[in-house]
Amino acid sequence: MTNEKNNELLELTESYKRFTKFVILTFDQSSLDTKNQILRNFIAKSHSLINSISLLLKEEQEGEAMALYRLLIERYFYLEYLHKTNSYQAFKDWSFIKTFESRNKMRSNSEFNNPKTKEYLVDTKEQVKKYQALKKKKNQWIEPKIENFAKEIDFSFLYSLGYDLGSSFVHPRADEGYWDALRIVKNERMVEFKKNNILRNSILLANGMLINASNRSDFEFGKYLNFYCNSIFEYLVEDKELPNLKDIEKIFFAYMIAKMEKTTGNTL
């Protein structure tokens, strides 16, 4: 039964990746404002993290998979925080400032003085002007304190049993390499239920990000996206039978293509 569950979770992972790829393509058919750009980016990042977590679990690398699971939880909280505070533009401005200043710090370091690196780190005049303008005004973005925000939205369990636990795989611990040594030298395998639990929880979070980001966007994805995501929730949380996901995917793809052809004359 455990192997069967693992196979179903792997099938679900591949389905999620196909589905989110199509959703991202749908976003990219239009010019996006700040809010929709950020929502699209969160969906894309959840796709990447799920893919990486599944690959690491395949290689029996539990610690690394848990570290990425923590990243997924952090992004889930950020997505909810952005929605609750409606601070998409402030977050984008803050991100631009942080990225610009990081690049500036690299430029000022002699280790990055070779021509190719310096060329890569050059900012355009427009970027410099934008940075200067943003620095002149007070940025409204306030980074959320994850533990406090988790309590605020009644998700303390996700903080303590996910984010906080995942932190133990991010920060060094004296015995953290013990199981790595057994895996590397003796080909020690992960306990199957632990592997399934990490993947299950990761998919559950990514699925929540998909439905929330999509429904908060300016795009009308229709009832089939909600049906797809709710089917996954029912399977993972209520232990219902895994539906034929490929059939749901096909219906959703056909619906979105027909909708796009009708409204814009374009096809994906």
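Values as computed for the structure displayed
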item	result
Meets criteria (closer than 25 Å to Leu158 by Cα, at pLDDT 95 or above and open to solvent by 30 Å² or more (accessible area, probe 1.4 Å)) for Tyr81	yes
Residues of segment 70-112 satisfying the condition of being among the aromatic types (Phe, Trp, Tyr) and under 17 Å from Glu147 (Cβ atoms)	Tyr76, Phe77, Tyr78, Tyr81
Residues of segment 11-45 classified as outside any loop (DSSP other than H, G, I, E, B), open to solvent by less than 80 Å² (accessible area, probe 1.4 Å) and touching a residue at least 60 places away in the same chain (Cβ under 8 Å), total	17
Breaking point among (1) at pLDDT below 90; (2) closer than 23 Å to Leu79 by Cα, for Pro172	(2)
Residue ID - nearest to Glu143 (Cα to Cα), chosen from residues in segment 97-133 that are hydroxyl-bearing (Ser, Thr, Tyr) and without any contact (Cβ under 8 Å) to a residue 12 or more places away in the chain	Thr99
Helices (runs of 4 or more DSSP H) contained entirely in segment 168-257, each with at least 2 residues that are farther than 22 Å from Leu55 by Cβ and among the hydroxyl-bearing types (Ser, Thr, Tyr)	222-237
Positions within segment 168-201 being surrounded by 15 or more Cβ atoms within 10 Å (Cβ to Cβ) and among the hydroxyl-bearing types (Ser, Thr, Tyr), in sequence order	none
Unique residue being over 30 Å from Asp175 (Cα atoms), open to solvent by 40 Å² or more (accessible area, probe 1.4 Å), part of a helix (DSSP H, G or I) and of a type in the set (Gly, Ala, Ser) when the list is Ser48, Ser102	Ser102
Test: residue in segment 260-268 that is touching a helix residue (DSSP H, G or I) at 6+ places or on another chain (Cβ under 8 Å), open to solvent by less than 50 Å² (accessible area, probe 1.4 Å) and within 24 Å of Ile38 (Cα to Cα)	yes
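The values are calculated or read from the model by the stated rules, or taken from the named source; none is laboratory data. Predicted model, so just to flag it, every value in this text is computed and none were measured. Quick reminder, even Gly has a Cβ in these numbers, built from the backbone with ideal geometry, and neighbours come from all protein chains shown. Keep in mind that these areas ignore ligands, DNA and RNA; they rest on the heavy atoms of the full protein, side chains included. Shrake-Rupley method; radii C 1.70, N 1.55, O 1.52, S 1.80 Å.
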